[in-house]
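Reading through the structure tokens given below for one structure.
The values are calculated or read from the model by the stated rules, or taken from the named source; none is laboratory data. Computed from a predicted model, the values in this text were never measured in an experiment. Using ideal geometry, Cβ is built from the backbone for each residue, glycine included, and neighbour counts are taken over all protein chains shown. The area values use the complete protein model at the heavy-atom level, side chains included, leaving out ligands, DNA and RNA. Shrake-Rupley method; radii C 1.70, N 1.55, O 1.52, S 1.80 Å.
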Amino acid sequence: MPAIPSLPRPGTDSGASRTPVANAPARKNPCAEPSLRPAPTGGARAEPWTTEPRTGEPRVADPRATTAGPPPADAPTVPRIARTPEPETRPPLAWRRPVMQIRTLLLGLLGTALLALGGIGAGGTLVRDPLIVDSALSWVRYGHGRDLATGVVYVGVAFLVWAWVRLGREVRAERTNAHGVLTTVAAWVAPLVIAPPLFSRDVYSYLAQGNLALHGFDPYEVGPSVLPGPLTDNVSWLWQNTIAPYGPLFVLAAKGVVAVTGNSVIAGVLVMRLLMLTGLAMLCWALPGLVRHLGGRTSVALWLAVANPLALVHLVAGAHNDQLMIGLLALGTVFVLDRRHVAGIALITLAAAVKATAVVVLPFLVWVWASRLTGSPWSRFARAAGTGLAVFVGLFTTCTVLAGVDLGWISGLKTSAAIVNWLSLPTGLGMLAHSFVGLFVDVGYDPFIYTGRALGTLLLAYIGIRQWWAARDGDPREAVRRASIVLVAVAVLAHATLPWYFTWALALAAGLTWRLSAMVPVVGGSVWLLLVTYPSGNSALESWGFLGGALLVSALASVSLVRHDPLGLSSRSGRARA
């Protein structure tokens, strides 16, 4: 029986050549633009390409190809033998050599630079900023100065979104490869590293909770207000007396940051942001592995999950700990898919020790692990689940002991209920029901909110159990896809929903195969979610006129992914010059 030639691993984003198997039909890439190269006509054979037409990567030409007609009649016939591709032992050339459009990089860089500049006056600024107070720049914090700074921030957002959509078109058309996306993201992130907190003030709460732990207080029992000082002064009034809802590993990390930076809020923000950026680095490292197992394209995955303005602005500029959780979660998932099951479960346990949401993915990966064991289905499941549970309990307990806290984070999960906005579907339905009943009866809204959230919890449990049971065959793609669905359900049906919660599912789902019809709503949703918060961190969900404008902008971004210049501005300017 002839040997079956091995096929290259799916999902690698390669602009390098691969020797085709004889008589094998060409695989159509659903994410690529149609080729503009004309087909050969007449009896002439096509000229062999020596470089990729779009990326410029070297391609091995067929030595038998000619530019003239058929070979002479007396020429010996050489049989074409299909060569089995060698297994990849290093990343393909398209991954190692950046191919990108420099104009897109510079456009996004201008956007993030303007975000950082405008954030000095319009971001989540300090109550007393030693760099601004009593200086010539103090005017940017008040009145017209703050209005100007806010305008600069939104111009930066517009440039960043514009650059991201351009990058998406280039990725789809294969004019930018995975390494090019990474290089572009690195340039875009640089100004945000030194920017003030933008679109959120949560990083001040992180520092205050770390300060509590450093001084012997349990952040699961008391709020920041018990320890007055510069770190506490900048915490939002809503969280001054609220216990920490985060896991013990994050409390330990925040404690370490404050131990290094002391009462310097600016230094604390910078060090905390750098710590959270390790999550972004882990995500960038993990996405090619997810693509390899799930069948997507690395460049598309990086564009969706890493270059996304929702992630850059809220996770990087906002310095949210979700970034660290996502990185550990994605990396742990890759380890499990690579058959390093114990290490993968350990990494996801660390992610849950940062933020409890990550634990949702573990039951799905248990199915993957169990499918690779021997024995009856239930014995395999019992062994995988038992070992995974032992790893989880042991490592989580270790984090708790090292942090010097107890299990108070469980009750701390309820603190998010203080946020009441209609971005949470159950909360929004409760608010809507209260508004309707309020037309006839004067009644408080608490019973409606509680009822809506209780129904949402039941619906979430149903979705989670159903998706988990449907993944019982242990297929990696199905397990990750259904885990991503549950992460979306957690974000939508939680008691409180914040815009960056939707980056949880995107980090895993980015490795799947994405059609254009799915990319378009992701672009629109990402842009709209980015805009529903003001640069200062306050919610814009009650400003209906502003939300209407945000909806129009997000729709324009979605259409722009498919159609270049949907408003026809280029043609108008051309006619004006004529």
For segment 204-217, give me each residue that is buried (at least 22 other Cβ atoms within 10 Å of the Cβ) and touching a residue at least 40 places away in the same chain (Cβ under 8 Å). TYR204, TYR206, LEU207, GLN209, GLY210, ASN211, ALA213
Which of the residues spanning segment 333-359 are β-branched (Val, Ile, Thr) and open to solvent by 10 Å² or more (accessible area, probe 1.4 Å)? VAL342, THR357, VAL359
Among the residues of segment 376-390, is there at least one that is surrounded by fewer than 22 Cβ atoms within 10 Å (Cβ to Cβ), assigned to a helix (DSSP H, G or I) and in contact with a Pro (Cβ under 6 Å, 6 or more places away or on another chain)? no
Which one of LEU402, LEU407 is out of contact with any Gly (no Cβ under 9 Å at 6 or more places or on another chain), open to solvent by 60 Å² or more (accessible area, probe 1.4 Å) and not in a helix (DSSP H, G or I)? LEU407
Looking only at segment 235-251, and only at residues there that are crowded, with 19+ Cβ neighbours inside 10 Å, part of a helix (DSSP H, G or I) and hydrophobic (A, V, I, L, M, F, W, C), the one that is farthest from the chain's Cα centre (by Cα): TRP239
Output the number of residues of segment 533-561 satisfying the condition of being without any contact (Cβ under 8 Å) to a residue 24 or more places away in the chain and open to solvent by less than 50 Å² (accessible area, probe 1.4 Å). 6
Spot the failing condition for TYR220; the list is (1) of a type outside the set (Asp, Glu); (2) buried (at least 23 other Cβ atoms within 10 Å of the Cβ); (3) under 24 Å from the mean Cα position of the chain (by Cα), and only one is missed. (3)
Within segment 289-309, which residues are in contact with a Ser or Thr (Cβ under 6 Å, 6 or more places away or on another chain) and surrounded by 24 or more Cβ atoms within 10 Å (Cβ to Cβ)? VAL291, GLY296, ASN308
Provide a single number: the residues in segment 467-489 that are without any contact (Cβ under 8 Å) to a residue 12 or more places away in the chain and more than 25 Å from the chain's Cα centre (by Cα). 1
Pull up segment 510-528, narrow it to residues that are free of Cβ contacts under 8 Å to residues at least 40 places away in the same chain and among the small types (Gly, Ala, Ser), then point me to the one that is surrounded by the fewest Cβ atoms within 10 Å (Cβ to Cβ). SER517
Hits in segment 415-463 (condition: assigned to a loop (DSSP other than H, G, I, E, B), of a type in the set (Val, Ile, Thr) and either modelled with pLDDT of 95 or more or open to solvent by less than 40 Å² (accessible area, probe 1.4 Å) (or both)): ILE419
